[in-house]
Amino acid sequence: GEEKKKKPLVAADRVTPFDRWLGLDKDLEAELNDGVDQDVTYVDPSDASNYVSLSLVKPMGIAFVENEGGCGGVFVDEVLDSGSAASASPVLARGDQLVAVGSTLVLGWEFDATLDAIKASDDSATKLVLFRGPTSFLYGPTKASEEWYQENLL
């Protein structure tokens, strides 16, 4: 049993029949799936169709909340009946991630800085770009480059 503890775990695609025979495959799969929601479908942050863009007059009536987990950024928690977002098209959904305000990329910004960017916009209508998908794809290894945003969304 001592050797089992010291043996480094290998990636799932490297699990051998011998690992399975020793019962190590359960540990490996558990470690690989740790914290990963199996029900989440991959949403590509480099596909413009996974974003919604709309221009809203203030007050917008959107309650934003900062993401947990240290990635920064804010998401739509609630669309209030009182603001322009309530009747906007496309309709905002709870969990939509705010990516840009006007031509400013606010990806990963802290809450106050993001709201300041919205307040600072003095256009008659403020353009918001939001990502419709989980933060793990928006901020994780699959995230899109700043250049991609500039070329495709801003």
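Determine if the stretch 89-108 includes at least one residue that is acidic (D, E) and open to solvent by 60 Å² or more (accessible area, probe 1.4 Å).
Going through the stretch 89-108, the residues acidic (D, E) turn out to be 96.
After this cut, where a residue has to be open to solvent by 60 Å² or more (accessible area, probe 1.4 Å) as well, the list is none.
Among the residues of the stretch 89-108, not one is acidic (D, E) and open to solvent by 60 Å² or more (accessible area, probe 1.4 Å), which makes the answer no.
Could you list all residues from the stretch 122-154 that are touching a Lys or Arg at 6+ places or on another chain (Cβ under 8 Å) and either β-branched (V, I, T) or part of a loop (DSSP other than H, G, I, E, B) (or both)? Reasoning before the result, please.
At the first step, the residues of the stretch 122-154 found to be touching a Lys or Arg at 6+ places or on another chain (Cβ under 8 Å) are 126, 137.
T126, the sole residue that qualifies.
Considering the stretch 68-77 alone, what residues qualify as being more than 17 Å from Y149 (Cβ to Cβ) and either at pLDDT below 95 or of a type in the set (D, E) (or both)?
E68, G69, G70, D77 - these are the residues of the stretch 68-77 that are more than 17 Å from Y149 (Cβ to Cβ) and either at pLDDT below 95 or of a type in the set (D, E) (or both).
Would you please name the residue that is surrounded by the fewest Cβ atoms within 10 Å (Cβ to Cβ), looking only at residues in the stretch 46-69 that are out of contact with any Phe, Trp or Tyr (no Cβ under 9 Å at 6 or more places or on another chain) and assigned to a loop (DSSP other than H, G, I, E, B)?
E68
Report, by residue number, each residue of the stretch 121-133 that is out of contact with any Gly (no Cβ under 6 Å at 6 or more places or on another chain) and open to solvent by 40 Å² or more (accessible area, probe 1.4 Å). Can you show your working first?
Pass one, the stretch 121-133, residues out of contact with any Gly (no Cβ under 6 Å at 6 or more places or on another chain): 122-126, 128-133.
Within the stretch 121-133, D122, D123, S124, R132 meet the criteria.
The values are calculated or read from the model by the stated rules, or taken from the named source; none is laboratory data. Every value quoted in this text rests on a predicted model; they were computed, and no experiment measured them. Reconstructed Cβ throughout: ideal geometry from the backbone, glycine too, with neighbour counts over all protein chains shown. Calculation scope for accessible area: heavy atoms of the full protein, side chains included, ligands and nucleic acids excluded. Shrake-Rupley method; radii C 1.70, N 1.55, O 1.52, S 1.80 Å.
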